[in-house]
1. Within the stretch B:24-37, can you find the residues that are touching a residue at least 24 places away in the same chain (Cβ under 8 Å), out of contact with any helix residue (DSSP H, G or I) (no Cβ under 7 Å at 6 or more places or on another chain) and open to solvent by 20 Å² or more (accessible area, probe 1.4 Å)?
2. Condition first: touching a His at 6+ places or on another chain (Cβ under 8 Å) and closer than 30 Å to A:Ser178 by Cβ. Now tell me which residues in the stretch A:272-304 satisfy that.
3. Among what's in the stretch A:341-375 and is of a type in the set (Phe, Trp, Tyr) and over 21 Å from A:Ile214 (Cβ atoms), pick the residue that is surrounded by the fewest Cβ atoms within 10 Å (Cβ to Cβ).
4. Taking the condition of being within 16 Å of the chain's Cα centre (by Cα) and among the polar types (S, T, N, Q), how many residues in the stretch B:300-346 meet it?
5. Is at least one residue of the stretch A:152-167 open to solvent by 50 Å² or more (accessible area, probe 1.4 Å) and part of a loop (DSSP other than H, G, I, E, B)?
6. Take A:Val146 and decide whether it is closer than 26 Å to A:Ser178 by Cα and either outside the structural domain of A:Thr34 (by TED's automatic domain parsing) or outside any helix (DSSP H, G or I) (or both).
7. Considering only the stretch B:183-196, state which residues are assigned to a strand (DSSP E or B), within 8 Å of chain A (Cβ to nearest Cβ) and open to solvent by less than 40 Å² (accessible area, probe 1.4 Å).
8. Being more than 21 Å from B:Asn326 (Cβ to Cβ) and away from chain A (no Cβ under 12 Å) is the filter here; which residues of the stretch B:116-146 pass it?
Protein chains: 2
Amino acid sequence: MTSITKNFNAKSWITVDPNSDFPIQNIPFGIGQTEPNKPFVSTIIGDQVINVSALNAKGYLKGIDFDANVLDQPFLNDFISLGKSITNPIREAIASVFESSNSSLKDHAEDQQAILTPVDQVQLLLPVKVGDYTDFYSSKQHAYNVGCMFRDPENAIMPNWVHLPVGYHGRASSIIVSGTPIHRPCGQQIPADSTQPVYGPCRLLDFELEMGYIIGKSTQLGDRLSTEEAEDHVFGFTLFNDWSARDIQKWEYVPLGPFLGKSFASTISPWIVTIEALENFRLEGPVQEPEVLPYLQYKGAKRFDVRLEVAIQPDGQDPFNVTRSNYKYMYWNYAQQIAHHTVNGCNINVGDMYASGTISGDTPDSYGSMLELSWKGTKPIHLPDGSERKFIADGDTVILQGFGIHEGVRIGFGEVSNKVLPAK
Amino acid sequence: MTSITKNFNAKSWITVDPNSDFPIQNIPFGIGQTEPNKPFVSTIIGDQVINVSALNAKGYLKGIDFDANVLDQPFLNDFISLGKSITNPIREAIASVFESSNSSLKDHAEDQQAILTPVDQVQLLLPVKVGDYTDFYSSKQHAYNVGCMFRDPENAIMPNWVHLPVGYHGRASSIIVSGTPIHRPCGQQIPADSTQPVYGPCRLLDFELEMGYIIGKSTQLGDRLSTEEAEDHVFGFTLFNDWSARDIQKWEYVPLGPFLGKSFASTISPWIVTIEALENFRLEGPVQEPEVLPYLQYKGAKRFDVRLEVAIQPDGQDPFNVTRSNYKYMYWNYAQQIAHHTVNGCNINVGDMYASGTISGDTPDSYGSMLELSWKGTKPIHLPDGSERKFIADGDTVILQGFGIHEGVRIGFGEVSNKVLPAK
């Protein structure tokens with residue numbers, strides 16, 4: 001069978017707007033529901049959410065042998081655990097059903113009613129139950145910017161940074177899906193020129209523009225994965241906003257790292273775009289100098305040309321773009337991150353999430369956080385309504401978007417959008 | 001009904017050695033199995049493991065209304081989720097069945113066969129599925145010792161340390177149960193006087209003597225718990241060895257905290273001792289100066305007088321005690337830790353685990369890690385076989401024990417014991 005998802009010319013009988021993230025070549029996975037407590041594995045073409053459970057129940061996925069119960073779970077974990085030898089054929093079979101020349105479902109209005117729902121009538125849920133979440137710090141420009149601001153430009157990059165993908169364990173429980181409003185967090189901060197901390201709502205609330213990926217294959221404690229083996233353990237990618245309370249973080253993080261400055265919320269996109277859908281966006285490099293240790297060396301193109309954007313939408317206003325970055329601005333790639341993460345024998349599980357760290361390009365309009373865009377608040381961003389932003393204000397909605405375009409086919413993630421409410 | 005577990009004079013018809021951690025007043029919870037894939041909720045009296053699922057099936061827990069399926073799960077999470085209004089009566093009902101004057105099971109040999117198994121014939125499994133794991137750093141002597149070694153005695157305690165319980169997110173996937181051998185981890189280290197890291201087996205493998213506790217009641221994202229409310233969210237306590245690779249940690253941990261130096265393994269005891277079983281071991285204090293912010297203030301006795309010991313057992317030798325500490329050496333208590341953890345709205349879930357950080361007493365023979373006991377390797381510990389230890393050697397078994405004694409009743413945790421195998 002020819003792959004529909006790999007055919008640039010393939011079209012769906014579902015109308016797909018040219019600016020849609022979801023042509024028939026994408027077929028990402030998520031969890032939707034149209035009534036309470038009835039979650040189903042979903043995908044999307046154009047603006048139509050496809051109930052994969054119903055599609056299977058109606059006989060459109062015949063010939064692929066798997067336990068259909070995985071399609072009615074509140075998370076994708078069991079589906080992902082089927083393995084790529086099952087999930088990839090399911091993805092291709094779905095594309096085939098919706099390919100323009102296939103009339104089986106196209107001509108069956110009754111089945112369509114059970115299977116298709118406009119996206120604005122579906123509640124998209126958190127797609128995975130994240131076991132462990134690790135956040136890396138793998139964009140060199142971001143590390144350099146932060147180093148310049150908090151140390152000095154001469155020693156901006158720490159000595160260990162060029163030798164290993166620096167990362168830390170994050171909080172999994174507070175990972176939420178796009179659309180969930182968040183309250184400004186409270187916590188301890190240290191006023192300038194004071195030694196006595198105060199308690200109150202965070203003043204320096206920030207986004208961090210990141211990409212995440214979801215582990216698709218587990219290992220046992222003691223196993224080490226090479227950069228080559230790591231490839232097979234990635235199910236797919238998400239957009240990720242690693243919300244940060246800069247003032248809380250600054251006071252708490254020495255010596256054990258970020259904690260409450262991050263753990264109040266982190267947002268992922270509702271759709272996990274498979275690594276297979278991103279094949280055409282792979283890029284080589286960058287050159288890593290000094291040379292990395294053998295276990296971190298790799299072959300092939302492990303970065304992705306995915307355009308990333310962030311907009312701030314003040315209450316009642318239009319969204320205003322504040323940065324354009326790209327997933328290609330990664331010094332350490334996912335294969336290196338996984339090889340490093342497991343080099344000590346740490347086991348990884350299906351549903352674990354890894355985030356890139358803030359992705360900043362090499363120009364000031366491509367930085368991935370307000371901390372960098374406003375350069376610690378010294379260069380406020382001016383919005384069309386006349387207001388300015390050093391950090392995020394109550395009532396602002398922060399919107400992340402990401403997509404690649406290859407041969408006219410746009411593969412995207414949908415948006416990550418959250419409104420910030422005042423502190424409780 | 002009089003509480004058996006609160007009666008110092010209560011005895012079981014099961015023989016309990018005076019040095020046993022498990023008198024009828026303890027009734028901790030764990031997961032056991034005697035054949036593959038048949039886990040059951042367990043408790044223990046003396047050296048007899050009680051199959052709580054079988055006990056219930058045979059009708060000995062009549063009158064308590066709950067879903068019996070929770071007793072046949074591979075983890076305690078569903079059992080714990082029943083809530084204390086169910087699990088506490090179950091605990092009392094179990095104690096009642098085994099109280100010396102109760103002949104119902106005592107005189108029923110056939111039921112006993114289904115319910116009781118000698119502990120050495122039961123495989124004790126990881127008792128909880130840990131969602132998120134947080135490690136604190138709450139012993140002041142430990143923070144001081146580390147500060148002296150890596151900074152200077154004048155500034156040993158960081159400014160934030162006295163204002164908040166410093167902590168970091170740890171890796172949940174690699175939490176294992178006592179008895180599981182661990183391999184010495186590999187990773188990057190930086191040789192003295194070099195700027196070029198090397199890769200290889202960790203040379204400075206260490207234990208950290210800690211206590212952990214398990215969350216018994218969840219919160220929603222955005223909820224804050226007061227120190228008073230926190231009390232109700234603790235199910236019980238465990239012994240915990242936070243294995244540490246000091247050389248890996250030293251090179252990686254600035255600026256984002258401990259990562260691979262910890263994530264290769266952490267060990268908990270198979271038994272979770274309920275907070276109710278520790279009531280008699282509560283202690284007031286310590287005085288916290290400077291005064292803490294209002295959200296960290298608390299009333300009542302929130303520390304526990306639990307004696308803690310660590311022994312090293314070289315291959316083929318007897319265990320040799322290397323330290324005696326106590327859970328009372330905590331500056332920040334569990335109620336403060338939980339109040340702090342949730343002050344930003346971070347949600348907590350049943351099965352989450354919180355660890356104390358290394359617990360060091362105020363004398364050099366009560367420190368909670370080899371790093372401190374050998375003072376960075378400058379004061380090796382001499383073992384009876386003539387060898388010495390600065391850190392842990394391959395073939396060593398590290399054994400943690402913990403118990404309190406009140407009115408002649410010893411409440412303990414069983415041991416946390418793991419053998420260190422050579423690097424893979």
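The values are calculated or read from the model by the stated rules, or taken from the named source; none is laboratory data. Because the structure is predicted, anything quoted here is derived from the model rather than measured. Reconstructed Cβ throughout: ideal geometry from the backbone, glycine too, with neighbour counts over all protein chains shown. Just the protein is used for accessible areas: all its heavy atoms, side chains included, with ligands, DNA and RNA removed. Shrake-Rupley method; radii C 1.70, N 1.55, O 1.52, S 1.80 Å.
1. Passing the criteria: only B:Gln33.
2. Kept after step one, since they are touching a His at 6+ places or on another chain (Cβ under 8 Å), are these residues of the stretch A:272-304: A:280-281, A:290, A:292-293, A:295-296.
Across the stretch A:272-304, the qualifying residues are A:Asn280, A:Phe281.
3. Step one: filter the stretch A:341-375 for residues of a type in the set (Phe, Trp, Tyr), giving A:354, A:367, A:375.
Imposing the further condition that a residue be over 21 Å from A:Ile214 (Cβ atoms) reduces the set to A:367, A:375.
On the way: A:Tyr367: 27, A:Trp375: 16.
Only one residue fits best here, namely A:Trp375.
4. 4
5. Pass one, the stretch A:152-167, residues open to solvent by 50 Å² or more (accessible area, probe 1.4 Å): A:152-155, A:159.
Imposing the further condition that a residue be part of a loop (DSSP other than H, G, I, E, B) reduces the set to A:152.
Yes, the stretch A:152-167 contains a residue that is open to solvent by 50 Å² or more (accessible area, probe 1.4 Å) and part of a loop (DSSP other than H, G, I, E, B).
6. no
7. If we filter the stretch B:183-196 for residues that are assigned to a strand (DSSP E or B), which is where we start, we get B:183, B:186-189.
Now narrow it down to the ones that are within 8 Å of chain A (Cβ to nearest Cβ): B:183, B:186-188.
Scanning the stretch B:183-196 gives B:Cys186, B:Gly187, B:Gln188.
8. In the first step, residues of the stretch B:116-146 are kept if they are more than 21 Å from B:Asn326 (Cβ to Cβ); the result is B:116-134.
Once the filter is applied, which keeps residues that are more than 21 Å from B:Asn326 (Cβ to Cβ) and away from chain A (no Cβ under 12 Å), the stretch B:116-146 yields B:Leu116, B:Thr117, B:Pro118, B:Val119, B:Asp120, B:Gln121, B:Val122, B:Gln123, B:Leu124, B:Leu125, B:Pro127, B:Val128.
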